[in-house]
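What follows is one structure encoded as C-alpha cells, with my remarks underneath.
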Amino acid sequence: MIDIPIKAVIAKGVNNYACIKRIEKTINSSTIFENRKQELKDILAMIEKNNSSDRADLAEISEVVWKNIQLCSRGYCSNCAYSKNCSFFKNEEAIKKSNIVITNHANYITNVSKWDIDGLIIDEAHKFDENLINVLKEEVKLKNIFINLEKIYSYVENNSYDNEIILEDYRNIIEDIKVNFMYLFAYIKDSAVR
C-alpha cells in the first residue's frame, strides 16, 4: 500500500463554465436575447443553488445561449467582482492544491507550464500529438503581433517625441521580440523534423 495522500481534481477548460458577469451583462442590456431573459435568470438561480457554473451542473442550455454566456478567456476576468465565487477559478485553486490532475490533452497543453503536479491522467491521449501541433500552429500566429509592433515602431519613429528614452526602450522591446520569435520558429522547425 502506498502511503501518499491523493488529492485528485478534474480540470476543465474555460469554455466549460458559465460567466456570471456575462450573464448579468446580457440580462441588463437590450439584445437579441430579450425573449430569453427569463432563461438567463433561471441559469443564474441554478448557479447559485448548485454553487457551480460548470455546464455539467446546469440544466440543458441551448448552444446559442451558451456561446454568449460561457467563460471565453481568462482575460475577460480581470478585476471581476465574481472571481471569488467563480467555479473556474475555484477549480484552478483546487488544481494548485492537488497532486493528480485528470484532464484532456487540449487542457493539459494549454496549462502545462502552470501546473505543479505529481500525476496526470489524460483523456483521449491518442490525439495528443495532433492537438499539440494544432496549439503550436496557433502560437505561430503570434507573428501578427510582431507585424503590429513593427507598425507601432514605425509610427513612433516617424513622429517626434521629446523623450528619446521611450523610443530606445521600444527598440529594445522589438529586438527582444524578434529574438524570441526566432527561437520559437527554430524550436517548431526542429520539433517538426523529429
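The values are calculated or read from the model by the stated rules, or taken from the named source; none is laboratory data. These figures come from a predicted structure and were not determined experimentally. To get the accessible areas, we keep the full protein, side chains included, count just its heavy atoms, and leave off ligands, DNA and RNA. Shrake-Rupley method; radii C 1.70, N 1.55, O 1.52, S 1.80 Å.
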Response to the item:
Amide H contacts under 5 Å for residue 123, restricted to residues at least 5 apart in sequence or on another chain and with H modeled in the peptide plane, are 103, 104, 105
Item to complete: Give the relative contact order (percent, whole number) for the range 1-117; include only Cα pairs under 8 Å separated by 6+ residues.
Response: 44
Worksheet item: How high is the relative contact order of the range 88-131, given as a whole-number percent (alpha carbon pairs under 8 Å, six or more residues apart)?
Response: 43
Discussion item. Please compute the per residue accessible area over the range 1-115 with all protein chains in place, 1.4 Å probe, rounded to a whole number of Å².
Written reply: 62
